[in-house]
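Here is the structure we will look at.
The values are calculated or read from the model by the stated rules, or taken from the named source; none is laboratory data. Keep in mind that what you see is a predicted model, and the values were worked out from it rather than measured. We place every Cβ from the backbone using ideal geometry, glycine too, and count neighbours over all the protein chains shown.
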Amino acid sequence: MLRPTPVTWLVLVLPLVAWGALVAMGWDAPAFLALLLAVELPFRLWGALGVAVGRRTDFYGWPNPSGLGWTLIVLTDLVVWYLVSIAAVAAWRAVRRAHA
């Protein structure tokens, strides 16, 4: 079930493509919000677990991750999106089988 398929890889890169498209179209606010959520949520998660992932800036309290923090944030985002892509592929297969 957790084996990657070509569709899994397509769904996995979807957030990066969507973010790049938002930036290319000049929609900076939604792109900034997506990027902030991709950093903020794992930053809070790892901080709540007691891992020293960095500090908050003086400017609106935005996260300022350390090297370890960036590593954990990227790994967390990859794992979450991989699981989302696996679930999307499983749902797509179930729908395809139901219509076959």
Please verify whether the range 58-65 includes one or more residues that are of a type outside the set (Val, Ile, Thr), in contact with a Lys or Arg (Cβ under 8 Å, 6 or more places away or on another chain) and surrounded by 13 or more Cβ atoms within 10 Å (Cβ to Cβ). yes
When the range 28-77 is examined, which residues are found to be of a type in the set (S, T, N, Q) and modelled with pLDDT of 90 or more? Ser66, Thr71, Thr76
Across the range 19-32, the tally of residues that are of a type in the set (A, V, I, L, M), out of contact with any Leu (no Cβ under 6 Å at 6 or more places or on another chain) and surrounded by 13 or more Cβ atoms within 10 Å (Cβ to Cβ) stands at 2
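Rundown of residues vs (1) outside any helix (DSSP H, G or I); (2) touching a Ser or Thr at 6+ places or on another chain (Cβ under 6 Å), yes/no style:
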| residue | (1), (2) |
| --- | --- |
| Gly50 | yes, no |
| Gly61 | yes, no |
| Asn64 | yes, yes |
| Leu72 | no, no |
| Trp81 | no, no |
| Ala88 | no, no |
| Trp92 | no, no |
Find the residue count for the range 1-52, including only residues that are under 12 Å from the mean Cα position of the chain (by Cα) and on the phi > 0 side of the Ramachandran plot. 0
Would you call Trp70 in contact with a Leu (Cβ under 9 Å, 6 or more places away or on another chain), of a type in the set (Phe, Trp, Tyr) and within 24 Å of Leu12 (Cβ to Cβ)? no
Provide a single number: the residues in the range 20-40 that are free of Cβ contacts under 8 Å to residues at least 24 places away in the same chain, in a helix (DSSP H, G or I) and of a type in the set (A, V, I, L, M, F, W, C). 11
Given Val80, Val95, Val84, Val53, which one is aliphatic (A, V, I, L, M) and in contact with a Gly (Cβ under 6 Å, 6 or more places away or on another chain)? Val53
Conditions first: (1) under 30 Å from Arg3 (Cα atoms); (2) touching a helix residue (DSSP H, G or I) at 6+ places or on another chain (Cβ under 8 Å); (3) of a type outside the set (S, T, N, Q). Glu40 passes all but one, so which condition is the exception? (2)
